[in-house]
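S.K.: The structure's right below; bear with me while I get my questions together.
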Amino acid sequence: MDSREIVLRTVKFSGPDRVAGSMPPPYWHDFSQAGYRLRGFSREWHDVGGGRQEYVDEWGNTWARVDAHSKGEVARGVIEADLDEVHTVPLPDLANPRHFDFVREVFGDPDNDRFRVGGLPGFPFNIARKMRRLDQFLMDLLLEPDKSSVLLKRLEDLLAGVIVQYALAGADAIMFPEDWGTQLDLMVNPKTWREMFKPGFVRLCSVAHEHGLCVFMHSCGKITKIIPDLIEAGIDVLQFDQPRLHGIDVLARFHGQVTFWCPVDIQATLPTRDAAKIEADAEAMIARLGGADGGFIAGYYNGNEALGLDPRWQDVACRAFTRYGRYR
């Protein structure tokens, strides 16, 4: 089996030869990831004084950071001052086929035998919460639900077009980041999530599936309460960096319904620098979330520096994934 088939069999629960993975050399990486490139736009940080850097993104939001290693955060949203602008604020032309030349080149390479994943900037929440800023948008959901829905629907329409372009460019899946949880619970009431966001998830997953694409979702935080909803909506793969936040045994209850893509837990286990615990977590995830029928992808957290970790601790995890991940 080549990498593409191994991932497909993992996601479809149809018996891969080994655990799928996204690990650095000398281990295996089964994914080819590419994203649209907006012509005439680049994300370049500019010094604005006092050790602070800023840039304006394609949506019109101003990002800032004081740590050159961080991704920064939105300091000023493009519609932060007036929610009435949800009707008129210009949206970037993301679904223009011209922006997918690079994607077609990468995914069309006949020597590329990896599983092809096209990147989205998020589903509507991840975009809207930047355009309004997170704190304000969470209040909008309760105080101005109708106006919030207008913005979410406009973003949903845009993303549906982007998904189609990825399918035409040869992708096997689309992947989006959308952090829905704190370390304790879902960021909003589950009822609010189901009313305001689940219909959009259902629609966008349906568009992807109708065009032969799987749907991968990254989310940080404890979103355990809506995992059944995400499965019902059509999410095929959940990428969690903190599987122990949910509980490996809890995630195992969903085996056969959704695939989990996880490194060894980046907060509960890797920072212990305990090789035995790290290996045990890797073995447990393969045994309980995956196995010979599929359902688990071995991950690697590309931020050892941010965690203050020597890479050798994740190497312990990679060796364990390799040891226990040979199914045939």
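Readers should treat all values here as calculations from the given coordinates under stated rules, not as data from a laboratory. Everything numeric in this text was worked out from a predicted model, so none of it was measured. Ideal geometry is used to build each Cβ from the backbone, glycine not excepted, and the neighbour counts take in all protein chains shown.
S.K.: Run through the DSSP bridge list for region 190-328 and note the antiparallel percent, rounded to the nearest 5.
M.R.: Just about 0 percent of them are antiparallel.
S.K.: Also, I was wondering about something else. Under a Cβ-Cβ cut-off of 14 Å, what is the net charge of the residues other than His209 that fall near it, where Lys and Arg count +1 and Asp and Glu count -1?
M.R.: Value of the local net charge: -2.
S.K.: Say each of Asp274 and Asp249 gets a label point 7 Å from the Cα, pointing the same way as Cα to Cβ; how far apart are those two points in nm?
M.R.: With each label point 7 Å from Cα toward Cβ, the separation is 1.7 nm.
S.K.: Continuing with this model, one more query. Under a Cβ-Cβ cut-off of 9 Å, what is the net charge of the residues other than Asn126 that fall near it, where Lys and Arg count +1 and Asp and Glu count -1?
M.R.: Neighbourhood net charge equals 0.
S.K.: Share of antiparallel DSSP beta bridges in the chain, in percent to the nearest 5?
M.R.: Taking every DSSP beta bridge with both residues in the chain, the antiparallel ones total about 35 percent.
S.K.: Using a ≥ b ≥ c from the Cα gyration tensor of region 27-67 (square roots of the eigenvalues), is it rounded, prolate or oblate, where a/c under 1.5 gives rounded and otherwise the larger of a/b and b/c decides, a/b for prolate?
M.R.: Oblate, since a/c reaches 1.5 and b/c is not below a/b.
S.K.: Moving on. Order by neighbour count: Arg114, Arg132, fewest other Cβ atoms within 10 Å first, most last.
M.R.: Exposure proxy ranking, most exposed first: Arg114, Arg132.
S.K.: Kindly point out which whole DSSP H helices in the chain project their C-alpha atoms 30 angstrom or further along the helix axis while averaging a Kyte-Doolittle hydropathy of -1.0 or above.
M.R.: 145-168
S.K.: Pull up the DSSP beta bridges for region 22-129 and report the antiparallel fraction as a percent, rounded to 5.
M.R.: 75
S.K.: In whole Å, how far is the Cα centre of region 80-103 from that of region 135-213?
M.R.: Region 80-103 and region 135-213 have Cα centres separated by 15 Å.
S.K.: Once the other residues with Cβ under 14 Å from the Cβ of Asn112 are scored (Lys, Arg +1; Asp, Glu -1), what is the net sum?
M.R.: -4
S.K.: Could I ask something else about it? Counting other C-beta atoms within 10 Å, which of Phe100, Phe107, Phe216 has the fewest, and how do the rest follow?
M.R.: Ordered by Cβ neighbours within 10 Å, fewest first: Phe107, Phe100, Phe216.
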